[in-house]
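Report on one structure; see the data block that follows.
A short reminder: the numbers here are calculations on the coordinates, not readings from a lab. Quantities reported herein were computed from a predicted structural model and do not represent experimental measurements. Because the Cβ atoms are built from the backbone with ideal geometry, glycine has one as well, and the counts that use them run over all protein chains shown.
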Amino acid sequence: MPHRANPGEIDRAAQFLGAGRLVAFPTETVYGLGANALDAEAVARIYTVKRRPATSPLIVHVASIEMAQSLVANWPEIADRLARRFWPGPLTLVLEKQLEKPPVIPPIVTAGLPTVGLRMPAHPIALALIRAAGVPLAAPSANRFTELSPTTADHVRLSLGSDIDYILDGGPCSVGIESTVLSLAGPRPVLLRPGGISRTELEAIIGPVASAQEAHAGAHPSPGMHPRHYSPRTPLFLVKDGKLPGPGRGVYLQHHHLPSRESVQTIQMPAAAADYAAALYEVLHQADAGNHNWIAVDLPPNTPEWEAVHDRLKRAASNS
């Protein structure tokens, strides 16, 4: 069970948000760096603190389906089916923004695109904070852009330090990797980023889901589409059959039991995809703090349930 912040902490955090300040808060995926999504100046602080390019849009967190509906031009039946099945949970739905009447999401939140990504987080502290603030929260991961995502409050402190105004501690994140992002803005559903809800789970509800092409110049339709992302400072290499990088001190994240060298710290990773995902960022944070020359990671199985883990490792790796 996640930690539960007391009402006083949540009220104080909500007051910071109402004053245009930044609050880090837990979700089931990773810790978010939150600002009032309707306040363009507050959102601009997110980009400054994270050193995030303006081409990378932010996900807007809501506390109810009704709040989500108020932010979009159209709430199609397919969105309703998905939200009622997977919300609260690690699924972001990308839809056309509502532009006719308040509340209107400012362009800075969506990288100038006509669409907005919405999700309802499955963490009691996140939901209580959104309700107390009374506004949707724009919240990317609470870390510097391209670096490892935070899955504990300590990760947030180490990454962002005093650059944020308040941190709500909800303990370790249970899912451990970012949400799945699914676009419903076109003629067919498109998976923009694999995450905590698998493609197989989505297709069981709505049928075939297309895959997005890699984003290049201009605004990206989803966060997490930059080629380099989720990266430790220590060079990370994807390996097969225990073939480790060159000499030096290293950390080896094994998926299979294989012999390794004396100068290498070996970490046995979980066999199940969901357990592996939940552990991945914490293990990489620990490895990154150890003054190693490299981190080597066994390639996990190439099966559908591992799609999100493969995506994170590929973007984190120096040899992908």
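Backbone geometry of the range 99-107 corresponds, through the Karplus equation with coefficients 6.51, -1.76 and 1.60 at θ = phi - 60°, to 3J(HN,Hα) couplings of 10, 7, 8, x, x, 10, 6, x, x Hz, x marking Gly and Pro.
Projected label points at Asn293 and Ser70, each 7 Å from Cα along the beta carbon direction, are separated by 5.8 nanometres. Between amide H atoms placed 1.01 Å from N, distances below 5 Å from Val72 occur with Gln98, all of them 5 or more places distant or on a separate chain.
Lysine pairs in the chain whose alpha-carbon atoms fall under 28 angstrom of each other, counting only those eight or more residues apart or on distinct chains, come to 4.
In percent, what relative contact order does the chain have, based on Cα pairs under 8 Å that are 6 or more apart in sequence? Don't skip to the answer; put the middle values down first.
Values: 711 pairs, mean separation 66.6, N = 320.
The normalised contact order for the chain reaches 21 percent.
The Kirkwood radius of the range 10-168, taken over pairs of alpha-carbon atoms, gives through the Stokes-Einstein law at 10 °C and 1.306 mPa s a diffusion coefficient of 104 µm² s⁻¹.
Considering only DSSP states other than H, G, I, E and B, which GluC sites (Glu not before Pro) in the range 68-158 qualify as loop sites with at most 11 other Cβ atoms within 10 Å? Write out the running numbers ahead of the final one.
On the way: sites: Glu77, Glu96, Glu100, Glu147; in loops: Glu100.
Listed in order of number, the matching sites are Glu100.
Is the range 236-316 best put as rounded, prolate or oblate by its Cα gyration tensor, with a ≥ b ≥ c the root eigenvalues, rounded for a/c under 1.5, and otherwise prolate when a/b is larger than b/c, oblate when not? Prolate. Taking every C-alpha pair closer than 8 Å and separated by at least 6 residues, the mean separation divided by the residue count of the range 236-316 gives a relative contact order of 42 percent.
Among the listed values [x] 21.8; [y] 19.9; [z] 20.5, the one matching Kirkwood radius over Cα pairs in Å as calculated from this structure is [y].
Amide H to amide H distances under 5 Å link Ser231 with Glu147, Leu148, where only residues 5 or more positions off or on other chains count and H is placed in the peptide plane.
Highest mean first, what order results for 59-66, 136-143, 40-47 on Cβ atoms within 10 Å?
On the way: 59-66: 21.1, 136-143: 26.6, 40-47: 19.0.
Ranked from most to least packed, the peptides come out as 136-143, 59-66, 40-47.
Given R₀ = 25 Å, FRET efficiency for Ala54-Lys314 by Cβ-Cβ distance, to 0.05? Don't skip to the answer; put the middle values down first.
Numbers: r = 24 Å, r/R0 = 0.98.
The formula returns an efficiency of 0.55 here.
Derived scalar couplings between HN and Hα for the range 22-30 equal 9, 10, 8, 9, x, 10, 6, 8, 9 Hz in order, rounded to whole Hz, by the Karplus curve 6.51 cos²θ - 1.76 cosθ + 1.60 (θ = phi - 60°), x for Gly and Pro.
Taking every DSSP bridge with both residues inside the range 7-211, close to 60 percent are antiparallel.
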